[in-house]
Amino acid sequence: MTNLTWDHEVDLLVVGTGAAGLTTAVVGAVEGLKVLVIEKTEFYGGTTALSGGVAWIPNNPLMKAAGIPDTPDDALTYLKHNVGNRVAPAKLEALVEHAPQMAEYMQTNSAVQFQMMEDFPDYRPETPGGCNGGRSIDPKVFSGRKLDDYAQLRKQNTEIPGGIVGSVKELRRLAFFRSNPKGLLAVWKMFPRNLWNKIASRQHMSSGRALAARLRYSLQERDVPLWLNSGLDELLVEDGAVIGARVMREGKPLNIRARRGVMIAAGGFEHNGAMRKEYFGADVAEQWRSGAFTSGSPGNVGDGIKAGLAAGAALDLMDDMWWM
């Protein structure tokens, strides 16, 4: 690697444009690093843009402001009871400690703004340490008109009937208004917002698209470049350390030096038939052979996982996923 010619040099190279990758890029830029973000497909946003965009953040600042009680001990008890020994305790402890700090940091230093769902319980609130509401937060609605590259933000492949745009919190209140008519008063903004969308193309968006858009806007405001159609080919290693990556941009190989590191946030392998067969078994792979039964981004074929393996990384939890 000593004779390698660099086509581009940055402090931090981020691979992938879901919430994890874009959040890393935002933090790097805020902290003064020269950042480059790459995305293999023609659209950014990853699986995040296809999702509900809800984050599980125990003991978060919004809970504290609303007077909803929660403690790190309760959150850790909940995780350890439901996760068991499958994940190292140190990782669970790190999540409980740093997740609320992350939420506060992003709301202070970026365009990301959350709202708390006080009536959205943990998945298993009846278990030790469980909470009946407040730990789940979702992004506030955002207007795509603020984005220079709105057309390149990945579109959701399902649409709420009538094209209604509302956050998860708003849609829940709308769905249950018969049992709580006052809920309509809390979501009145949805109606003029959706009218503006139809007659003036205000391009309001919610859920995961709103989160991806808010993160992208934060990078846009700091002039952080995002390359589309630019996939990770391999990590470049010297003396046991990753010093950069080879990237295929528009079919052309480029060597990018990353002085401070490479963040791989390139998603899973749900659209890779061979990897599904290897890690889930032949029966599951056959039932799922077309890849149609996944809500993951089409670009998720395991590029980051394979690059990490080639550089000597270890893998875990490869036989698990979010089954529905």
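A compact table of results
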{"read-out": "Convex hull volume of region 243-324 per residue (C-alpha atoms, cubic angstrom)", "value": "120"}
{"read-out": "Fraction in percent of alpha-carbon pairs per bin - 5 Å, region 51-106", "value": "4, 19, 26, 24, 17, 9, 1"}
{"read-out": "Euclidean distance of C-alpha centroids, region 59-127 and region 11-32, integer Å", "value": "22"}
{"read-out": "Distance histogram for region 119-160 (every C-alpha pair counted, 10 angstrom bins, percent rounded to whole numbers)", "value": "22, 29, 23, 22, 5"}
{"read-out": "Whole-Hz ³J(HN,Hα) from phi, Karplus 6.51 cos²θ - 1.76 cosθ + 1.60, for region 139-146, glycine and proline x", "value": "x, 6, 4, 9, 9, x, 5, 7"}
{"read-out": "Where only alpha carbons of region 1-157 are counted, the Rg and the Dmax (Å)", "value": "18.3, 60"}
{"read-out": "In Å², nearest 10: area of TYR150 left accessible to a 1.4 Å probe", "value": "50"}
{"read-out": "Amide H within-cut-off set for ARG260, under 5 Å, with H built and near neighbours excluded", "value": "LEU12"}
{"read-out": "All-pairs Cα distance distribution in region 224-268, expressed in whole percent, bin size 5 Å", "value": "5, 21, 29, 27, 14, 4, 0"}
{"read-out": "Cross-link pairs LYS40/LYS155; LYS40/LYS140; LYS252/LYS306 - those with Cα-Cα distance over 22 Å", "value": "LYS40/LYS140"}
{"read-out": "Solvent-accessible surface ranking, highest first, for SER295, SER230 at 1.4 angstrom", "value": "SER295, SER230"}
{"read-out": "With all protein chains modelled, accessible area of MET263 [1.4 Å, Å²]", "value": "60"}
{"read-out": "Sites ARG222 and THR71 - FRET efficiency at Förster radius 41 Å, r taken between beta-carbons, to 0.05", "value": "0.70"}
{"read-out": "Partner aspartates and glutamates for LYS146 [C-alpha distance under 19 Å; skip if fewer than 8 residues away on the same chain]", "value": "GLU221, ASP223"}
{"read-out": "Accessible surface ranking that places the most exposed of TYR78, TYR44, TYR279, TYR123 first, with a 1.4 angstrom probe", "value": "TYR123, TYR279, TYR78, TYR44"}
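The values are calculated or read from the model by the stated rules, or taken from the named source; none is laboratory data. Values in this document were obtained by computation on a predicted structure and should not be read as measured data. All Cβ positions, glycine included, derive from the backbone under ideal geometry; neighbour counts span all protein chains shown. We work out accessible area using only protein heavy atoms, side chains counted, and drop any ligands, DNA or RNA first. Shrake-Rupley method; radii C 1.70, N 1.55, O 1.52, S 1.80 Å.
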